[in-house]
Amino acid sequence: MRKIERIYISGKLLVPDGIELFCLFNPSTEEVIGQVRLAHEEDGRAAIAAAKTAQVALSRTSKAERVDMLMRLHAEMQRRQKDIAQALMEEYGAPAKRAETAARNAAQSLADAATVLQFSEFQRKAGTADVVMTPIGVAGLITPWNSNADFICSKVAFALAAGCASVVKPSEMSAFQTDVVIDAFHAAGLPPGVVNIVTGRGETVGRLLASHPDVAKISFTGSTIVGKQILRVGAETCKRVTLELGGKSPTIILDDADLEKVIPMAVAAGFINSGQACLAGTRILVPRNLKSAAENLIRRTVEAVMVGPPTDPDAVIGPMVSQRQWERVQGYIRIGVAAGAGILTGGEGRPQHLRQGWVRSPHRLQRRQQRHADCSRRDLRAGPIDPVIRR
């Protein structure tokens, strides 16, 4: 079992002052595969102080200097794409193809930011006025569990391009990915404090970032409930806040659509990242006169989708990230049926060919009792952790 006990502050690999150990699970096997030692408020304060110190020099860097830093990060992340993909498969259960794509995106976002920066102008005329764009200050970056490495890199990339030092609070559920990113960023040799990464709970490190007066900007990806809390807390220090929250986006199919073409696309949109994505198309709306034909096509399409662990090369959908998330989905099915909805295919339970893993099934099966490794019940049922307040 792997044990992770390091954070990244002021260019140094440090052991957190926090002593809490958070259990990490493989969602395909339901087994404990590691533990991460969580940081607490004092670690967060040290990271913010390091970023504040680095901000002075970083704000004066040229575009060329920032591009150089971004491309150094890009090169190190490229060297570790296989490590990121492996971490995604182990701790998140991502199918191999999805893991490889996410790993490429993580590295590419750094190069993309460098390209955007090269063609950006930070001074322009607005009538008779000169408008000069300057770095806002230290940025607090809070990332989710469903694509942690990708979010860390993309948020850091554009903060750095803007000349802002950052403190990253990644999801504690994605510690394997975070550890690879820390290794890459440390190897890139950026000036101390330009990027700091502190793994801790939302109600400790996350809340500190949202409330600390030395943090000028918050970028948060996560739930709507927590986003509202960040807005309220951040208002006390007049922070700039960017929120990327969950949604229920519909796919709307019109009368003249070719159902044979669009239904598979609509289903695929709903299954993005094993359905665990804020941009997943969670509803399909069709005209009443196409309802029957659409339902038949949806049923056939869904039942042809392969569900399985990352080791299955044909798997398109992997497991839910946690037992709590798996049980939540089962509960949604029951709520829908109780409200009068019909089930075209599937229901509660797992695929017939899998006897373990937090996977959803296109077949109706009875649930079975689970056995788990020795960890606290709190960690055992840990689902998508709210980065500021754990519900």
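For the reader, a short list of remarks on this structure follows.
- Any hit, region 274-294, residues being surrounded by 13 or more Cβ atoms within 10 Å (Cβ to Cβ), closer than 21 Å to E91 by Cβ and β-branched (V, I, T): no
- Of all residues in region 70-85, exactly one satisfies the criterion of being under 16 Å from the mean Cα position of the chain (by Cα) and more than 21 Å from N196 (Cβ to Cβ), namely A85.
- Exclusive hit being in contact with a strand residue (DSSP E or B) (Cβ under 9 Å, 6 or more places away or on another chain), within 30 Å of M306 (Cβ to Cβ) and not assigned by TED's automatic domain parsing to the domain that holds Q276, set E41, E91: E91
- Restricted to region 215-283, the set of strands (runs of 3 or more DSSP E) holding at least 2 residues that are in contact with a helix residue (DSSP H, G or I) (Cβ under 7 Å, 6 or more places away or on another chain) comprises 217-222, 240-245.
- Residue among G308, G234 that is of a type outside the set (A, V, I, L, M, F, W, C), crowded, with 18+ Cβ neighbours inside 10 Å and in contact with a Leu (Cβ under 7 Å, 6 or more places away or on another chain): G308
- Members of region 210-234 found to be closer than 21 Å to L58 by Cβ and within 18 Å of the chain's Cα centre (by Cα), listed by number: I218, S219
The values are calculated or read from the model by the stated rules, or taken from the named source; none is laboratory data. Model, not experiment: these values are computed from the prediction. Glycine gets a Cβ as well: all are built from the backbone with ideal geometry, and neighbour counts include every protein chain shown.
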